[in-house]
Structure formats: C-alpha cells, structure tokens
Amino acid sequence: NAGVTQTPKFRVLKTGQSMTLLCAQDMNHEYMYWYRQDPGMGLRLIHYSVGEGTTAKGEVPDGYNVSRLKKQNFLLGLESAAPSQTSVYFCASSSPVRVGNTEAFFGQGTRLTVV
Amino acid sequence: DAKTTQPTSMDCAEGRAANLPCNHSTISGNEYVYWYRQIHSQGPQYIIHGLKNNETNEMASLIITEDRKSSTLILPHATLRDTAVYYCIVRVAGAGGTSYGKLTFGQGTILTVHP
C-alpha cells in the first residue's frame, strides 16, 4: 500500500521556469491537499480539492494552479517560478466518511529550489 | 479553527514519558484536538485525536482538561525515534462540511529524546 506518492522528490528550477508536481493516492480518498513548508515553519495550505474536477484556494494560493482530473491524482503547477517559492511541498489526502476523525495521510514531500 | 499555543522545544530522556502540553483556550464545543508529528522533514503523521474524553492508542495518550482549554500528549516510553516536531491542531470534527479536513499548522514543539 503506497499511500500518498509525490513526484519528483527534488527539483531545482530557474526563475521563470514552469513545472508540475504530481501527487497520487491509492486510498480512494475524496479530499486532497497541497501544503508548503518553509524553514522553521509549520505547513501552510496552498490549494485543496474535495473531489474529482473541483479545486479551491487555501491560505497561500498565489503563484500556483492545481487540477484534479482524476480522483487519485492532484497536480500542483508553477507557471513562472520565483525564488519565494523555494520550499518543501507536501501533498495529503483524507476521507470524509470517518466521522470525528479526519486523519490526513501525507506524502514524503518535494523539495523545490528556485534560483 | 481555534488557535493553539505550544512550547517551542522540549527534551526527554529515552525510556521516560514525554508530556507535550498544548493550550487552546478559545476552543469551541464542536472542535476536536488533533496531534500530528513530523520526523526529520518527512510528511506529518497523525498520532491521535479527542473531543473531551481521554484517548489512548498504540502510539500515545491524549489528556484533555475538563474545561477543554488545554491538553497533553503523552508518549509513555519515549525512544530516540520519537524525536520530531509535534503539532497540536484544533479543528471541527469530521472531514465534511466547510472544513473539508483542512489542517492549520502552527510551529509545533520540537521534542528531542536523548540517550
């Protein structure tokens, strides 16, 4: 059981380049999330999705776009990377059916450096 | 979601109990207390959650005060592998509704377990 898988694990981009981070989950979860974590900080929510074909903005959405074309995949795109987007990106998923428990499962992260 | 306050760091001797406090004085009646931990920049891992009763699972125990304004996560026999950042998160129950399972992370408590 792979859980939540993120690709790539590491990436270095030049300012202005674009890239897509892929998140895949095999738990049939409805909800998926993208967080970023800057050094010494907690995670902050970028975008999230409550189902296939739906997306919504989180706390820090500027400079990012997302898509959820398939239930198991959630893509995070950077159209024109900036040094301020240097961070570790975490994808997560959870299920709405477990009342009282929203245990979220996280991927291992993508370390992105923009130079 | 209610704001939480945690100590920045704590130390614990291996084999002893680690008691991590969390203050959440503005918690609402329908909000649960969740604990996650993040080991060495890996993705966060769910530990335990509770509403008002004490909870225990294979990883930890959660003690919530009667007025629900604070709680303590207890790792009964800490090991070196428990060295991590521990996050206390307060949020409404369930993954459904407008919360959609979103998590708001603070800076957490850095727990260092030493030999």
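Bear in mind these aren't lab numbers, they're just calculated from the coordinates by the rules spelled out. Please read all numbers here as calculations on a predicted model, not as lab measurements. Cβ placement follows ideal geometry from the backbone for every residue including glycine, while neighbour counts extend to all protein chains displayed.
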- Task: With all distinct Cα pairs included, what does the Kirkwood hydrodynamic radius of chain A come out to in Å, to one decimal, could you say?
- Result: 14.1 Å
- Could you pull out every one of the aspartates and glutamates with an alpha carbon less than 14 Å from that of A:Lys14, ignoring same-chain neighbours closer than 8 positions? A:Glu79
- What residue among A:Leu75, B:Thr104, A:Ser94 has its Cα farthest toward the positive end of the dipole of the protein assembly as shown, where the charges are +1 on Lys, Arg and -1 on Asp, Glu, each on the Cβ? A:Leu75
- If amide H atoms are modeled at 1.01 Å from N in the peptide plane, then the residues at a separation of 5 or more from B:Val92, or on another chain, having amide H under 5 Å from its own are B:Tyr32
- Sort by residue number and name the cysteines in the protein assembly as shown that have no neighbouring cysteine Cβ under 4.7 Å. B:Cys12
- Message: Over the Cα atoms, compute the radius of gyration (one decimal) and Dmax (the largest Cα-Cα distance, rounded to a whole number) for segment A:1-58, in Å.
- Response: 13.2, 37
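Suppose we look only past 19 Å in the calculated P(r) of chain B. What percent of the Cα-Cα pairs does that tail hold? Mind showing how you got there, number by number?
Working: 2710 of 6555 pairs.
For chain B, the share of Cα pairs beyond 19 Å comes to 41 percent.
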- Task: Give me the lysines in straight-line cross-link reach of A:Lys70: C-alpha distance below 23 Å, same-chain residues under 8 apart excluded.
- Result: A:Lys9, A:Lys57, B:Lys102
- Calculate I(q)/I(0) for the protein assembly as shown by the Debye formula, one identical point scatterer on each C-alpha and no solvent, and give its log10 at q = 0.08, 0.12, 0.16 Å⁻¹ to two decimals. -0.29, -0.66, -1.12
- Message: Can you work out the Karplus-derived ³J(HN,Hα) for every residue in segment A:72-88? Use 6.51 cos²θ - 1.76 cosθ + 1.60 with θ = phi - 60°, whole Hz, and x for glycine or proline.
- Response: 7, 10, 9, 9, 10, x, 10, 6, 8, 5, 10, x, 5, 8, 5, 5, 9
